[in-house]
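Below: the structure, in structure tokens.
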Amino acid sequence: MIGGGGAAAGPQGGAGGLGAAVRHLGLALLVLAAGVLAGAVAPAGACACGAMADPEDSRSDAAVTRETAVLSLREGTETIILSLELDAEAPGATLLMPTPAVPTVTEGDASTLREVAVATLPRVEHELDWWGEGRGGGDGAPGAGAGGAPEAPVTVHSRERVGDFEVAVLDGSAEGVSTWLSSSGYVLPQEVLDLLPVYVEDGWTFTAVRYAQDVDMSRDVSPLRFDFASDELVYPMRLSQAARSTQEVHLFVLDPEPVRRTDASAAQQSVQRPWIADPTHVGWTWSDGTLRELSQDGEGRPGRAMVTEFTIRGEPASFTTDMTFAADPADPWIVPTRTETTTVRVAGIPAGWVLVAAAGTIGVLVLYGAGMTALAVRRRRR
């Protein structure tokens, strides 16, 4: 099981503890930790929402095991900010990303994924241990060939350099898409080719993405942003049926309300929602411009930006539908917490026992003093 549930909390949930100074220090440590974690948000491989097409002269398996994305649907336009790490050892490895309409593809900012990951980290609750029980911290979260003929129809809407990638947007018949990729030096596995007609019949568009030849693989690669018209919030996954290993997906959905999966595939997968809350109501302020944009209302003013985090794991055969989402205002807030315990010591001894010893000593002295006083009174009376 990937991820876990969270302890239900309302808008007043979040960090408690030792005061503003401790909270600010804890926040700084969270940001520092997320800077390290963000580099490992998605391991090497191609995005499972699409399908890998290896160069004809390559025999490596460019399968993917995990991906991370931010999703939002506003005023009929869906935005997907996708962390991409293609197989660097397969030069020219390509991702094929289907969308229900022709997308605008632009370079994203790694800070978008990094900040949303930090904003949804478990909150830290501090407690003092006076007895040296060593309870420590604990997680309070609940829980073959294309086969297409040269005349197969295909339309290339655009082909350009976008950040670290070469991006081409095309549509047409399954044979046409496959022929285009093949003529550009790529070939789709037969398992993927068999799945293309489903998207073609629905009138979807395909975006082919590959690393540009001059990309410096020693540095972080920027994500890609896809904006396209859509009537519902959707995350394409059907091509993942051609994968050879278990798929893991990590999604952050920004919406005025909590959201849930509505597609039929969800019942066949492990679906966890470790975070459901508006981070700005539990001590967070968005600094990334894209996250501020996706949090605005229809008139461009700051609005409610609930973040529903999904960790999804499933076998390739389970992805028979694309992921779809719908608002579910009745869902409770979930803000995972973990407890950090600090033992209060005096001269290396847990303070609780020091206080007990001191209280015992004082008690003995009080009793001794009372006894001596009573004895003196009796002597006077005699």
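The values are calculated or read from the model by the stated rules, or taken from the named source; none is laboratory data. Because the structure is a prediction, the values reported are computed rather than measured. Ligands, DNA and RNA are excluded from the accessible area calculation, which covers all protein heavy atoms including side chains. Shrake-Rupley method; radii C 1.70, N 1.55, O 1.52, S 1.80 Å.
By the gyration tensor of its Cα atoms, with a ≥ b ≥ c the square roots of the eigenvalues, what is the shape of the range 232-349: rounded for a/c under 1.5, prolate for a/b over b/c, or oblate? Oblate is the answer for the range 232-349, as a/c is 1.5 or above yet b/c matches or exceeds a/b.
Using a probe of 1.4 Å, the accessible surface attributed to LEU195 totals some 30 Å² when neighbouring protein chains are kept in position.
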